[in-house]
Amino acid sequence: MLSLAPVALVLAPVALVVVPPLADDMDPRRIVRFASRQRLVLTPSNAGRVLTYLRVTRRWRALGLTFGALAVLAFEPFITVSPFYPVLGWFAGAVVAEVRLARARPAGRADLGLRPAPRRSAWLWRASAVVAGALALAGAVRALSSGAAAAAVPASSAARAAAAAAVPVLLRGLRTRPLPAGPADEVAAEVAARSRSAQVLLAGGAVAALWCAVQAVLPPEPPRVLAPLIALVSWVVPLVALAVGTGSWAPAPRTGPERWWAAPVTAVATFAAAVALGTAFVVSAAVPPGKTAERTVRDEATTSSRPVAEASLPRCGTRQTVRGCAVWELIPVAGPGDWSHPLPLPQAAAFAGRYGALPRPAPFALSGDGFHAVYLDARTRRMVHHDLRTGARRDLTGPLADTDLPVPALSPDGRYAALAATGPGRGSVRLVDTGGGRSVEVPGLGRVLGVGPRGFAAVTVPDGEAGGKEAELAVVGLDGAVRSRVPYDPASVVRLFPDGRRLLVLTAGGEAVTVDSATGRTLRRVRLRIELDRYADAPEFLGWDDGGRALLRLDPDEPADGETHLVDPVTGKTAEAQDAGPAEEALASATGKVKP
């Protein structure tokens, strides 16, 4: 997908040169509008102070808005209109402007006895800060509970906390810094400027805090049930903040002196409310240990009386339009002389997220009998088990973020599903009973090598993340207990036999080794009865047929021999397969029922 990041880099220095002079070119009507909004009487002596204030704030807010727009070009996909970065940049510019103005004001501390902003602005900010803090806490807990290290929690959380802390700190400075000595009209202009700054910080801070929190917590393709919340945060709160922040207001005297303990107590109360609300979010979304989400529906439209041979995500359109046209297709096993028509599965998410330079296919798995599928639901963003014979669907997880998507694997009969959590700092597999919903999580495991009626086999660390540790192949029972551990050679291809008692090891040299999964003892070693290219990699495992033969994609020395073969691991005999296996030109694919 076309990236405009180079264009943004070129325009950034141009903006630094062009924007400030344009912002400093002040229309006199803007000064009159400021005075009317703040109920200030303009005089020849205080007009200069108002002009200086407007120039400083307008210059930095315009720079922030411009760089926010450039961030859209740099970080968002082509032809995307997103107000997130421009609004966030505008607020960052407002904060910088207030810091610059504070440095020019007299030092010291004094109680001015004024309330610079209306109470509704303060309550809007506090409510937004509580909700944003709760969402940030829930997101951090979810990231840590998914197996990520504390250092892996996004640094944007610290940035959001710093932005949230800047608002009360600057507000306190506006209320307590001494007013400059001078005529009454100039002092009135300074009070009016501080009042306008307070309203901008409260209204802009409320929108920025909520948008940042929601942007970090929501999945890239949020479920429709969250549409009211998204509309509230995206449209209602900004419109309310705009109405509150641009309303006419004259600073009013406080009813009593400001207490030294008022600000700390307010901060502690806001923090406690955010923690309490965030805890409620976490508890309400938590699934009890050993249980999965109890939500079962029936999809009568997507059923198949014949087993599914493969699932494929065909290529279509262009990089800009592929997300709108790509749909998972199920291809049933064709009968004698019959043509198998693909069965579309639009409820399965095609891609992990809505954006990205290169679309990443969403996870998908088929069982060996061809009657069960596990995929990411496009609407709810949950991993779902789908019985293709009856149409029954059961949720295996709660709503997932793009970074939390597991890699699924199914047992041959579809009874058990293994969900492997992947990513930096992670390594765990959740084994789910698709019939009853019971589950067990096993930490310290990465890629799953097969699921059977007695458990599953997996590598102890994710691929490419060994970190100097020796990877092992672990066999785990249905209760989550590790039955055996044997050394693992990444150069070989290892798969669990359908009965779960043995492991098949395929080497690049063309050997098929059968290993006892309980003891790690080699039971049989045979050479494949086909000449392979001497420079070929290890065979690609595709699936098992009902006779215990493995469907492999090989690189034969003779191209006329074809690529897909059924291999007998007992004798090493090979036969060219009728089933060509998943199409290599597809964006993604999964193997189901292997035709004997």
Candidate set: the stretch 534-550, residues that are closer than 25 Å to Pro307 by Cα and either open to solvent by 70 Å² or more (accessible area, probe 1.4 Å) or part of a loop (DSSP other than H, G, I, E, B) (or both); chosen: the one modelled with the highest pLDDT: Arg549
Anything in the stretch 111-130 that is over 20 Å from Arg37 (Cα atoms) and free of Cβ contacts under 8 Å to residues at least 12 places away in the same chain? List them, or say none. Trp123
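For residues that are of a type in the set (D, E, K, R) and under 23 Å from the mean Cα position of the chain (by Cα), scanning just the stretch 359-378, find the one that is least open to solvent (accessible area, probe 1.4 Å).
Step one: filter the stretch 359-378 for residues of a type in the set (D, E, K, R), giving 360, 369, 377.
From what is left, the residues that are under 23 Å from the mean Cα position of the chain (by Cα) are 360, 377.
Working: Arg360: 121, Asp377: 9 Å².
Across the stretch 359-378, the extreme among qualifying residues is Asp377.
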For the list (1) open to solvent by less than 70 Å² (accessible area, probe 1.4 Å); (2) under 26 Å from the mean Cα position of the chain (by Cα); (3) not hydroxyl-bearing (Ser, Thr, Tyr), I need the number of the one condition that Trp90 fails. (1)
Identify, from the list Ala250, Ala231, the residue that is part of a loop (DSSP other than H, G, I, E, B), modelled with pLDDT of 70 or more and either open to solvent by 60 Å² or more (accessible area, probe 1.4 Å) or not acidic (Asp, Glu) (or both). Ala250
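For the structure I just gave you, tell me whether Arg393 is surrounded by fewer than 23 Cβ atoms within 10 Å (Cβ to Cβ) and assigned to a strand (DSSP E or B).
Working: surrounded by fewer than 23 Cβ atoms within 10 Å (Cβ to Cβ): yes; assigned to a strand (DSSP E or B): yes.
Taking the combined requirement at face value, the residue satisfies it.
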Checked Arg495, Arg501 against criteria (open to solvent by 30 Å² or more (accessible area, probe 1.4 Å) and in contact with a Ser or Thr (Cβ under 7 Å, 6 or more places away or on another chain)); the one match is Arg501
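Within the stretch 508-519, which residues are open to solvent by 30 Å² or more (accessible area, probe 1.4 Å) and in contact (Cβ under 8 Å) with a residue 24 or more places away in the chain?
Our first condition is that a residue be open to solvent by 30 Å² or more (accessible area, probe 1.4 Å); within the stretch 508-519, this holds for 508-509, 511, 516, 518-519.
Residues satisfying the conditions are Ala508, Ala518, Thr519.
Conditions (1) within 26 Å of Val244 (Cα to Cα); (2) open to solvent by less than 40 Å² (accessible area, probe 1.4 Å), marked per residue:
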site	(1), (2)
Arg30	yes, no
Gln38	yes, yes
Ser45	no, no
Ala69	yes, no
Leu73	no, no
Pro86	yes, yes
Between Ala159, Ala166, which is modelled with pLDDT under 85 and under 23 Å from Arg58 (Cβ atoms)? Ala166
Identify the residue in the stretch 439-473 that is of a type in the set (Gly, Ala, Ser) and either under 24 Å from Met383 (Cα atoms) or modelled with pLDDT of 90 or more (or both) and, among all such residues, is nearest to the chain's Cα centre (by Cα). Gly446
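The values are calculated or read from the model by the stated rules, or taken from the named source; none is laboratory data. On a predicted model such as this, the values are computed, not experimentally measured, just so you know. Virtual Cβ from ideal backbone geometry, glycine too; neighbours counted across all protein chains shown. For accessibility, only protein heavy atoms count, side chains too; no ligands or nucleic acids. Shrake-Rupley method; radii C 1.70, N 1.55, O 1.52, S 1.80 Å.
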